[in-house]
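Written below as structure tokens is the structure these notes are about.
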Amino acid sequence: MKKTKQLIFFALIFLTSNITFAQKCNCGVAFKWMKIAFEENDAGFRYILDQKGNEAYEAHNKLFEKGVDKITNPDSCVFAIRQWAKFFRVGHFGFILNQVVDEKSGSQNAGTFKKSTNNTHLDYSPFARDYDSTTVYLRIPTFDSRYKKAIDSVIHANSELIYSRRNLIIDIRDNGGGDDASFDEILPILYTNPIRDVSVARLSTPNNNKIWQDYMSRKDVSASNRAIYAGYLEKLNASPGKFVMLHDSVYTMRFKKVTRFPQNVAIIINENNGSTAEQFLLAARQSKKVKLFGTTTMGELDISNMYSITSPDGKYTLWYCISKSLRIPENAIDNKGISPDFFLDKSIPKNQWLPYVSEIMHNW
């Protein structure tokens, strides 16, 4: 970012920070806390610092430190800190306002310190339908764990149709990720050969390791899984400040059979695919049946498994990552993305992507 753009950027923040709000904040204090918490706990911090250098990082910090000290509007503070994080990666970072209860009145500052929520009016329901006599269309808008049952249900309800047609189009445009388990039922449809999945190393810190305590405290966790999590926790606590392997470095998935149909699978992707959606693509593209259509994905996968920490005053929550993929640096995805096999350029209207892909598949 050029100096002129930087000045314009902070001018916009200062303008919004001067608007009167019910509550004010000391963004300089919030920034200092966030920065230390991120440096101590984030699995990608040292990796990016080694790439860009201490000098670039210090210059970046000085710029933001001058700006955030003047911010008193909590929303502007959140915006500024999210911009700060772009030094490290495009996604897998969160800084949000919490809902805080006024101790004197018992009321909540719902208008000021409020957790972000998903757009509940949006429909993320998966569905499958006949596209034509040779093709089935499967739409998966999200891999969010809340939709796993719906995804599995759609696949099971339409399995006879899917396994009877020559072509399958899976549309995951704008799917920003979720839970890897959400695509478990899709992989057998695509399968042609063993699928290799490179594992991650987890950074051991007191806050990061609490995630396993969280898992163990859940009522739906079996005794056997609770014992596994306790083993992970013990292993991590034994190596503070280090990256720890909890699994083999490479995991190979094998299924019992290769189905006759579908013979060809097209997956439509775009720049809004990240995280678990990219993990799905890494697995899917290993199939001989699969080709990717669209534009390069977001690139937010290498540094992953998000966890949180709350500021001492309770006003803010920092979301960061606790694991680093063993793919990097040789096969990095972050800030690069996954490229399609068939690039759909701007001359093809987005509402024509589906018929365009279908036409190509008919000629295979």
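The values are calculated or read from the model by the stated rules, or taken from the named source; none is laboratory data. As the structure is a computational prediction, the values presented were derived from the model and not from experiment. When we count neighbours, we look across all protein chains shown, and the Cβ atoms used for this are built from the backbone with ideal geometry, even at glycine.
Of the set (1) in contact with a helix residue (DSSP H, G or I) (Cβ under 6 Å, 6 or more places away or on another chain); (2) surrounded by fewer than 16 Cβ atoms within 10 Å (Cβ to Cβ); (3) touching a residue at least 40 places away in the same chain (Cβ under 8 Å), all apply to residue 348 but (3).
Report the residue count in the range 34-62 for those that are crowded, with 16+ Cβ neighbours inside 10 Å and part of a helix (DSSP H, G or I). Total satisfying the criteria: 11. Apart from one condition, residue 302 fits all of (1) more than 17 Å from the chain's Cα centre (by Cα); (2) modelled with pLDDT of 95 or more; (3) of a type in the set (Asp, Glu); the exception is (1). Is there a residue being in contact with a strand residue (DSSP E or B) (Cβ under 9 Å, 6 or more places away or on another chain), polar (S, T, N, Q) and on the phi < 0 side of the Ramachandran plot anywhere in the range 66-87? No; the residues of the range 66-87 include none that is in contact with a strand residue (DSSP E or B) (Cβ under 9 Å, 6 or more places away or on another chain), polar (S, T, N, Q) and on the phi < 0 side of the Ramachandran plot.
Within the range 210-264, the set of residues being closer than 20 Å to residue 324 by Cβ and charged (D, E, K, R) comprises 210, 235, 242, 248. From the residues in the range 222-281 that are among the basic types (Lys, Arg) and outside any loop (DSSP other than H, G, I, E, B), which one is farthest from residue 303 (Cα to Cα)? Step by step, filter the range 222-281, then rank; the result is 226. Within the range 157-181, the set of residues being farther than 23 Å from residue 279 by Cα and part of a loop (DSSP other than H, G, I, E, B) comprises 158, 163, 164, 165, 166.
Would you say residue 155 is in contact with an Asp or Glu (Cβ under 7 Å, 6 or more places away or on another chain), closer than 14 Å to residue 262 by Cα, modelled with pLDDT of 95 or more and buried (at least 16 other Cβ atoms within 10 Å of the Cβ)?
Working: in contact with an Asp or Glu (Cβ under 7 Å, 6 or more places away or on another chain): yes; closer than 14 Å to residue 262 by Cα: yes; modelled with pLDDT of 95 or more: yes; buried (at least 16 other Cβ atoms within 10 Å of the Cβ): yes.
When the stated conditions are applied, residue 155 passes them.
Output the residue which, of all residues in the range 116-175 that are aromatic (Phe, Trp, Tyr) and over 26 Å from residue 308 (Cβ atoms), is nearest to the chain's Cα centre (by Cα). Step through it out loud before you land on a result.
First pass over the range 116-175, keeping only residues aromatic (Phe, Trp, Tyr): 124, 127, 131, 137, 143, 147, 163.
Add one more test, that the residue is over 26 Å from residue 308 (Cβ atoms), and what stays is 127, 131, 137, 163.
Numbers: 127: 22, 131: 30, 137: 25, 163: 31 Å.
The qualifying residue nearest to the chain's Cα centre (by Cα) is 127.
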